[in-house]
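First the structure, in the form of structure tokens, and then the observations on it.
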Amino acid sequence: MNPEQYVRDKAAASGSSFYYAFLFLPPPRRAAITAFYAFCREVDDVVDEVSDPGVAATKLAWWQTEVAQAFAGKPQHPVMQALMPHREAFGIEERQLQDVIRGCQMDLEQTRYLDFPGLTRYCHLVAGVVGEVSARIFGQSQAATTEYAHKLGLALQLTNVIRDVGEDAMRGRIYLPVNELQQFDVKAHEILNRLHSERFVALMRFQAERAHRCYEEALALLPDADRRAQKPGLMMASIYRTLLQEIERDNFQVLHQRVSLTPLRKLWLAWKVQALGRL
């Protein structure tokens, strides 16, 4: 299997909403974003699938070395072999990939966030930087688009946090800020034991309202000159915001189930953005 096939298989196998946004890109951009997304999946899977923290830390350290070697012209892993031919055309930088790895390392070192600014720093590494790289690949022409990409990355990651509360609890992680749990009188042990309550619903409604504000702020930041090029990001916003609305309609039943959209619905939402140019 060649590197290009490897990253295509990695992206498709994930079942992620990102995959549907890539389908409408021209081949060179689609190849670049698929390789970058496969890189993100590889390092994220280390944290989610390796049960021994020591082994996971060693694997992430290996990825740090591999990224440095790849940018020195000696990629070994098929993901890096697929990504490196696109680095100059789309301005992909070593520090961006290292930031993504650093965000994954935070998952090994930290299972709680005291406040929203602390959570925001984590989101910047695992989502904001991803948005920054993606915007360049999609065809960014305006400097202001980077700020849009960071804000959209935050909105998408906050939606992930809401969707994955139950799954994260099973791993002993709570991404909801501690001071906000206290604000709504929700105890950490209730989250870890996945106890649904009216207090929990109020807390989650607060989280969802903030995520919606981030989507609105991101859309307001996108320069008109880059709106057409950034359609894949707008597709992601449409899919994830629809998911968030589904979670809200279901009264935040996220502790015992993972709410998701069907592949056909994701494709439909992506096509609507492609055809109409708006959410």
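The values are calculated or read from the model by the stated rules, or taken from the named source; none is laboratory data. All values derive from a computational prediction rather than experimental measurement. Here Cβ is always computed from backbone atoms with ideal geometry, including for glycine, and neighbour counts include all displayed protein chains. We work out accessible area using only protein heavy atoms, side chains counted, and drop any ligands, DNA or RNA first. Shrake-Rupley method; radii C 1.70, N 1.55, O 1.52, S 1.80 Å.
Separation of the alpha carbons by more than 25 angstrom is noted, of Lys10/Lys59; Lys74/Lys151; Lys10/Lys266; Lys59/Lys151; Lys10/Lys74, for Lys74/Lys151; Lys59/Lys151. Rolling a 1.4 Å probe over the heavy atoms of the protein chains gives the chain an accessible area of 45 Å² per residue. Using a Debye calculation, one point per C-alpha and no hydration shell, please list log10 I(q)/I(0) for the range 221-279 at q = 0.19 Å⁻¹ in order. The Cα Debye sum returns log10 ratios of -0.70.
Over the range 77-118, all Cα pairs binned in 5 Å intervals from 0 give whole-percent P(r) values of 5, 16, 20, 20, 13, 9, 11, 6, 0, listed from short to long. When the Cα atoms of the range 85-231 are aligned to their principal axes, the ranges along those axes come out at 49, 30, 21 Å in descending order.
Taken along its three principal axes, the alpha carbon spread of the range 145-214 comes to 41, 23, 17 Å, from the longest extent down to the shortest.
Summary value for the chain: 19 percent relative contact order, contacts being C-alpha pairs under 8 angstrom separated by 6+ residues. For the range 36-134, the alpha carbon positions stretch 40, 28, 18 Å along the principal axes, listed from largest to smallest.
For the range 114-158, with all protein chains in place and a probe radius of 1.4 Å, 57% of the accessible heavy-atom surface sits on carbon or sulfur. Under the membrane-span-like helix rule (DSSP H runs whose alpha carbons stretch at least 24 Å along the helix axis, mean Kyte-Doolittle hydropathy 0.0 or higher), the chain yields 53-71, 145-163. Comparing mean-square fluctuations of Pro177, Pro78, Pro27 from a GNM of the chain with C-alpha springs under 10 Å, the top value falls on Pro27. By accessible area, using a 1.4 Å probe on protein heavy atoms only, the range 1-80 has 54% of its surface on carbon and sulfur. By the Cα gyration tensor, the chain has an equivalent ellipsoid whose semi-axes, rounded to whole angstrom, run 29, 24, 17 from largest to smallest. Only protein heavy atoms count here; on that basis, with a 1.4 Å probe, His77 has an accessible area of about 30 Å². Compactness check for the range 183-247: Cα Rg over 2.2 N^0.38 Å is 1.49.
Take the chain, mark every one of the GluC sites (Glu not before Pro) that falls in a DSSP loop and has at most 16 other Cβ within 10 Å, then report the longest stretch left between them, sites excluded.
That would be 94-279.
The share of accessible area on the range 162-279 that comes from carbon and sulfur is 51 percent, using a 1.4 angstrom probe.
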